[in-house]
Every structure is written in structure tokens, then in C-alpha cells.
1. Between residues in the stretch A:24-44 that are surrounded by 19 or more Cβ atoms within 10 Å (Cβ to Cβ) and among the charged types (D, E, K, R) and residues that are modelled with pLDDT of 90 or more and in a helix (DSSP H, G or I), which pairs lie under 8 Å by C-beta distance while being six or more apart or on different chains?
2. Mind checking whether some residue in the stretch C:239-246 is open to solvent by 40 Å² or more (accessible area, probe 1.4 Å), small (G, A, S) and in a helix (DSSP H, G or I)?
3. What is the one condition in (1) more than 9 Å from every other protein chain (Cβ to nearest Cβ); (2) open to solvent by 10 Å² or more (accessible area, probe 1.4 Å) that A:Q73 does not satisfy?
4. Residues being without any contact (Cβ under 8 Å) to a residue 40 or more places away in the chain and open to solvent by less than 10 Å² (accessible area, probe 1.4 Å): count how many of those fall in the stretch B:64-109.
5. Restricting to the stretch A:153-178, give me the number of residues that are at pLDDT below 85 and either open to solvent by 20 Å² or more (accessible area, probe 1.4 Å) or under 19 Å from A:F72 (Cβ atoms) (or both).
6. Out of the stretch B:114-152, which residues are surrounded by fewer than 16 Cβ atoms within 10 Å (Cβ to Cβ), in a loop (DSSP other than H, G, I, E, B) and either among the acidic types (D, E) or facing chain A (nearest Cβ under 9 Å) (or both)?
7. Considering only the stretch A:164-265, give the helices (runs of 4 or more DSSP H) lying wholly within it that have at least 2 residues that are farther than 17 Å from A:Q60 by Cβ.
8. Any residue in the stretch C:230-240 that is in contact (Cβ under 8 Å) with a residue 60 or more places away in the chain, farther than 27 Å from C:G163 by Cα, within 14 Å of chain A (Cβ to nearest Cβ) and of a type in the set (F, W, Y)?
Amino acid sequence: MGDAHAYRVIMASRLRSQLAYPTSFAFDVVNQLVYGLIEFIELYAVFHNVDSLAGLGWSQALLVMALSRLAFQTGDLFVGHLDQMPAYLRQGTLETFLIRPLPVLAQVITSDISLRRVSRIVLFGGFTALALARLELTWTPAAVVLLLAALLGGSLITAAMFITAGTAQFWLIEGGEAANAFTYGGAYVAQFPAGVLPVGVRVFYTAVLPVTFIGYLPTVTLLGLADPLVPSWFGWLTLPVGLTFLTLSLAAWQFGVRHYQGGGG
Amino acid sequence: MTGEKSTGATDLVIESRVLTKEFRRGRSGRRGRTDSVLRAVDSLTVTIRPGEAVGYIGANGAGKSTTIKMITGILKPSTGSVLTCGLDPMRHRRDLARRIGVVFGQRSQLWWDLPLQESLRILGAIHALPPTRWQRRRDQLVERLDLAAFLDRPVRRLSLGERMRGELAAALLHEPELLILDEPTVGLDVLSKERLRVFLREENQGADGGPPRTMLLTTHDMDDVQRLCPRLIVVDTGRCVYDGDHAGLVARVGANRLLVIDLVDPVQELAGALAGLPVAVERTDDAGLRHTITFAPGEVSAGAVLDRVSAVAAIHDLSLSEPDIEEVVRRLYASSA
Amino acid sequence: MGGAVGQVRQPTALRAFAVLFSAGFRRYATYRRATLAGAFTNTVFGYVRAAVLTTAITGATVGAAVSATATGGGSSAGSGTVAGYTAGQAVTYAWISQGLIASVMLFAWNELALRVRTGDIAVDLARPVDLQWSWLAGDLGRATYLLLPRGGPPVLVGALTTGLLLPHTAWPYLLGGLSTVLAVVVSFAGRFLVNLAAFWLTEVRGLVGAYAGIGAIFGGLLIPLSWFPDWLRVIAWSTPFPAMLQVPVDVLTARVDGATAVRLVVVQLLWATTMLAAGRVMLRLATRKLVVQGG
């Protein structure tokens, strides 16, 4: 397939240009690490004062946070810049993509894979490892599979959120920033034990915007915790949920591109 | 590589049938209050044959860009149809993209922060051009568009004229059958415009031993049209109000060129010297130093007029203004209303 | 800055300030839907944060007569509180801070840096109005506009869902109003400094972003500063960030009152003046660089 070559060339070029200014790149990496650290500090400050949050102890809550962020950042690496869709539409970037012989979404994805985001993935990988080490888990094959499936599924859920939010921009044009409330708001919800939410809200963030599948539910399953509302095997559903959500979001995207009504200008 | 889709029907490059595009405006309206439906393109039926160069003209908001977006597969028609290179642009967007080149004067398809040559390299990969073919084509374009001096410069640091040449190279790299230009000369200085026109005319006539390249361009610049496009299509609020050659358009609306002459010595009357030519002449100042001559471009040349004048008086200075496209269109709108 | 110029400058500068203030106000007033979208996002975040804090406090205080929790030194006595916050006070904090965030602008802001990079800053410098002064005016206009449409929805939703614990006397609101204005000024002064780095760096996006991130955590946006361990709290309070959010929220909600509140506002004033002064020095250096090196 000739397309693969095209994507390689585009991405290699993008990556090289990011390293062209080492000082800027260093600041970008620092920026990423700062944002990673403040999420850690937020949770750390809570547990500095209390012993448990919605029934989870420090290490358990840390695992929820780290796992959800690790998955989110991985998805974000590939599709995070879809939050720029309002700008793409306003500036006509999307029309430029449309006159090229490649799928639009693939062009959007490859147009801005930013290396600096990798630093946050590494950071949260570290936090995940820290949490797992503190929990002194017995490593069974099932545990490993569960963890990997959760990471993959969580990334897919994240990707699907960004793609859905990006699709909504075809109709919103202006004020599309409201989609941030779902993507970044959803990611924020995902990093806490779901028990902090009232039941109705929690149902929304499980059945509609399935972010509790990213960090919390796999943690419940992995650690064998008891949650009054969901059976303990629910954590296994992260990957299927991710695949389903992604499929739906891709269909929505296709529909959006076909019904694009012209951006600004 | 493009796998000639045998449409059987025609070998027209563009064929639109009652092509219509409506936009629903208004307050995120429900179905109930579709009070403001804007018909940007209205029942447009045109055909363009291979090798033609067509100027697509109209006031701002007349529907030019919308038409182009439907032709290129960016927008879906509300009703009617269009075939571009024999393909349905929406259904075969990617196949079509390999066969057309598009330049949006206001938008860039180059990578802003990368050197121009990097953009050409990426586009070569995007269009899956074999290395040898890419190299040959790139060298041709670099030479003919005179890009060598700024190939290594990031696009954001190019002047408007340089950037536009880069955009043209980007659009022509894959040797498209059809080149679509949306306001290609807007904002360029006189010299850059001229170079661009020469280049485009060569492209249209089949440069580098290639076949003639079909061209469709929108513009506000009457010179563009006169120099490049034997055929004009004028649209008004989405409707085609004229389709024909330039002389016909000028004849229809009676638009004239304006020649203002300053003489060395005053002359009270130039009418006699110009007798027999289809021109109108008027003394513009009391002294008789300045005269204004109006004439239709198709009927007499400026050279012929000047010959006559210089036979009776020494010319100090002169200026020639073309009928402004806006003016022509306005008159056409008025006459067709 | 000569004395003769100063005499003439005063009245015109004030008029210019008013004009630029209203320009800043109107500029933001045109982005109505984006404002609405931002308010929605603020509300979602406020809701989640309120839920987290409530759960933490009730979880700690309900089951924990025994453990008396609160390992940190900062937690006050009395049942039902964590780090000095009852559940009601914590949710009030979460909502009010979300309500103020857009106005005090603890987000990444690079408008000025962009003008430096494009060279448009030369136009601003050529104007007869002082650059820092005019941008401050515009920023205060922006903050004033955003206060209601961005701040109203989260506060309103907070009042309707979790309820808010607000003071019943006028004084906290008066002093809180002043504190909020000063918070915007301190925030502006900081952003001005960071943006001027664009004179020396090719790309300030990372710097601006990191600054905003540090501001969010040390300003008390994510969690009230009293929840921090001692060492981190000391660090936080030695930065100007608490003066941008924690202080106005504390004064408005009467968490601090009397002399303490006044003292905090005075500290804000000190931050505002020193940081604005630092901005002037940096601007001087930047323009010298511009003149010498031509940007």
C-alpha cells in the first residue's frame, strides 16, 4: 500500500521539525511533565489529609489515576490534536486535507503527532509502576492480560472521545470548545475512583461516556475490590467497550466529513 | 496508476447538471423555521472540455467558491450532479484528488513551518509518485517557476508571490488533468501577476511536452481573464448569467477601456484625428492638454488609437484602464435582472 | 518617563485606559458561543472537583471518629473538617474558584508573545500609550466581561446542586471584589513577564504552558492550598500564584476575615506592584534588544 509510505514521510518530517528547535522542545517537555506532576500532586494532597477516597486507599487510587492517564495520554498522542478541529475548520485546513488522495482522518492524525507528549506517557508509566509496586500484586497471566487490555481499551476510548468531539465540530463550527468538557472533563473523571460520583452521574460516565472503564473498573477487577454498583469482572470490558466506541466514532466521523458544510470564508 | 475510470458517457472534464447547493442559516434552526435558506449555487449546468481555460467570475458571495468545492469533492451538492474527470467527486474523492490540482489563493496547502522543498517531497509521497518521476517533475517546476532561490526557506518566510509559486508547484506536482485556481493572483504585485499568467498560459497550452491542461479559475482581475481565459462563465447569486467569450461579454454590457492622454501642446479637438474609429473622445480639461478616449476592447486596439493621436499631436503621458471586472459584472447583473 | 512628559500623560493615559478597557471588554463579548462553551467546561470540572472533595471529607469524617485522620499539621480541630474545610466549604471553594478562573486567567495565554513573534509588537510600541498600561487595560476589560458569563454558570450550578456557603455581610464581598481585581492585575503582570520571553526565545508555547500549569496547582485551582503538605504549602505561598486565586476565593467566601484578609490583600498589592515593575524593566531590555538587533 503506497499510503503507508506517505504517512511515514509526513510523520518523519513532522518529528524532525519538532526537534529543529531544541530549546523550545525542552520547554515543551517541561510543560508536559508539569501537567503530569500536578495531577499527581492533586491526588497526593488529598491523601495527605485522608486515608481513603470512595473506599480506595492511596496506592489503589494512584493506580486508577496513573492507569487512566497512561491510557489517555497514549490515545492523546495520536488523536489529541483533534481538539484543534475548530481551528482546522476555520482556517480551511480541512479543505486542504480533502483535496489530497488520503483519508482525512489519517491526515489529521499524522499531521501533528507530537513527540513532546511522549514525556507524559513515560511519566504516567512510572506512576503506574510505582502504584503496582506498592500494591505488591501477585502477577498472574490473567493480571498481565487485564492490564494490557485495559491500556489498549482505554486508549481506544480516549481516541473515540476525541474523534466524536472532533466530529461534533462539523456542526458546531463556533463554540466547539464545549467538546472539551467531554474529552478533558471525561479524562478528569476517569482519574478518580468512580465512587466519588453520585449514582446518576456515574451511570452517565459508564454507559454514555464510558470513562470509568479507563482506569477505575480495570483497577477494581485487578485488585479484586468490591464495588457496590458493578460486578468485579467489569474491568474486562474495557477493550470491547473501546472497540465499540471507536467503531461508532469512526462511523460518525465519516458521516460528518460527507456532510461537511464548508468552514469559514 | 490512476486507473482510467471509463465513464463512457463523455470525455468532458467538468460536467454539471442543475447543480445546486443550499445552506441553511439561522439560529440552529429546527425543521420548523427554515426561513433562511441560502441558495449559494442555483441550477448550474455547464460543461468544460479538455484543454479549455475557463474564467469563473462573479461578485463576492456569488457562489464561486461553493461551486469549486462541489467540483473538488469538498462539499456535497444539495441537488443536481457534477462529474469531474468523469468521477462523482464525493464518492471518488481520493481518486479525483490524484487527477486534479487545486490552489486556494487564501489558503495554503504547503507546510507552514517547513522548507518549501520539504512540502514538495511530502506531496510526492502523498501522491505516491515514483522517485524518478517526482524528481523530473520537481526539477521542471523549480525551473519554470524559478523556485530554486527559496526552496530551503520555511514557507512562512516566503513573500506572497513566492508562496503562490510554491502553491502552484504543489498543485501541479502530480501532473493533474485539471487545474483549479481560486483567486490565484489576489494580493500579488504587478510583476508577480505577470509571471504567474505567463506560467499558467504555458501550462494550459501543454508545457514540458505534456498534454494541454484544463484550467478553471476564479478571479477578480480582468487582466487575468483576458490573458488566460478564452471562455468566461459569470455567476450571479448562484445562477449562470453568461457563458461565452470575452468580447461577447464586453459587447453585451458595453464595458469600455479608458485611455487618458496628456499632450505636450494643447489641442482643442481630437475627434477629427480619430474619425472612422469606433471610439468616443472627450476633452477633460479646459486647456486641451488632457483627453479621455473610450472604446470597446474587441473593436479597436489601443495601438491604433495612439497611432492616430500621435499623428496630430505629441503625447506627453498616457494611462490605460481596463473595464473593471466588478463593473462588468455589475452591468451584467443589471442587464439580466 | 521624564517629569515633563508625565504631567501631560496623566489625563490622556486615563482616557486611553478607559478606551482600551472597553475594547478588551467588547473583544471578548463577540465570542459568545465560545464563552458559553468555556462556562460549560468550567461547570463540569467544578462538579467533579466538588464531588472529589466532598467524598474525601465525608469519607474521612464519617467512618473516622477513631482514626481522626488528618495526618497533616494543617488540619484544624473539630469534626467534619479536613485541612480546615467542611464538605460545604470545600464545594464552595471548588465552585467559586471555577467561577473566577476565566477572569483571573490561570490558563495558558500567549497573545502578547504572538505579537512579539509576528513583529506586530513594533506597532504597539509605536503607539503613544504605554504598552504595559494598554495591555493591562485590555486585560481588565477582558476579565470584567468574562466574570458573569464564565463565572455565573458554575456558581449558579453549584448553588443549585451542592449549595454554597457564602457570607451574609457586605464586607467580604467588598474586600473580595478588590481582591479579585488585584488578582487579575497580578495574573496579568505574571503573564506579561512570561510572554516577553518571546523576545529571546523562538517559541514560548512550552514556557507559557508550564507557567500556567504551575499557576493552576500553586494558585489553588486543583485543590485548596491548606490541603498541601507543609513543605509544598510553603513553596506555594512563596510564589505569586496564591494571590491570583486562593486569596480572592478565601476573601470572598470569608474563610479569612478581619486583619488577616486585609493583610492578604496588601500582599496582593505588593505582588502587583513589584511584578508590574519587573515587567517594565524586562520590557525596557526587550525594546533595547529590538532597537539594537532589529527583532
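1. Between residues of the stretch A:24-44 that are surrounded by 19 or more Cβ atoms within 10 Å (Cβ to Cβ) and among the charged types (D, E, K, R) and residues that are modelled with pLDDT of 90 or more and in a helix (DSSP H, G or I), the close pairs are A:D28/C:G209; A:E39/A:M65; A:E39/A:R69; A:E42/C:I217.
2. So the first thing to find is which residues in the stretch C:239-246 are open to solvent by 40 Å² or more (accessible area, probe 1.4 Å), and the list is none.
So far as the stretch C:239-246 goes, no, none of its residues is open to solvent by 40 Å² or more (accessible area, probe 1.4 Å), small (G, A, S) and in a helix (DSSP H, G or I).
3. (2)
4. Narrowing the stretch B:64-109 to residues without any contact (Cβ under 8 Å) to a residue 40 or more places away in the chain: B:69, B:73-74, B:76, B:88-91, B:93-94, B:96-97, B:107.
This time we only want the ones that are open to solvent by less than 10 Å² (accessible area, probe 1.4 Å), so: B:73-74, B:89, B:96-97.
Number of matching residues: 5.
5. 6
6. Answer for the stretch B:114-152, where residues must be surrounded by fewer than 16 Cβ atoms within 10 Å (Cβ to Cβ), in a loop (DSSP other than H, G, I, E, B) and either among the acidic types (D, E) or facing chain A (nearest Cβ under 9 Å) (or both): B:D146, B:D152.
7. It comes to A:179-190, A:199-203, A:238-258.
8. From the stretch C:230-240, those in contact (Cβ under 8 Å) with a residue 60 or more places away in the chain are C:230, C:233; that's our starting set.
Now narrow it down to the ones that are farther than 27 Å from C:G163 by Cα: C:230, C:233.
Cutting the leftovers down to within 14 Å of chain A (Cβ to nearest Cβ) gives us C:230, C:233.
Filter once more, keeping what is of a type in the set (F, W, Y): none.
Within the stretch C:230-240, none of the residues are in contact (Cβ under 8 Å) with a residue 60 or more places away in the chain, farther than 27 Å from C:G163 by Cα, within 14 Å of chain A (Cβ to nearest Cβ) and of a type in the set (F, W, Y).
The values are calculated or read from the model by the stated rules, or taken from the named source; none is laboratory data. Just so we're clear, the structure is a prediction, and the values are computed from it rather than from any experiment. Note that we place each Cβ from the backbone using ideal geometry, even for glycine, and neighbour counts take in every protein chain shown. What goes into the accessible areas is simple: the full protein's heavy atoms, side chains included, and nothing from ligands, DNA or RNA. Shrake-Rupley method; radii C 1.70, N 1.55, O 1.52, S 1.80 Å.
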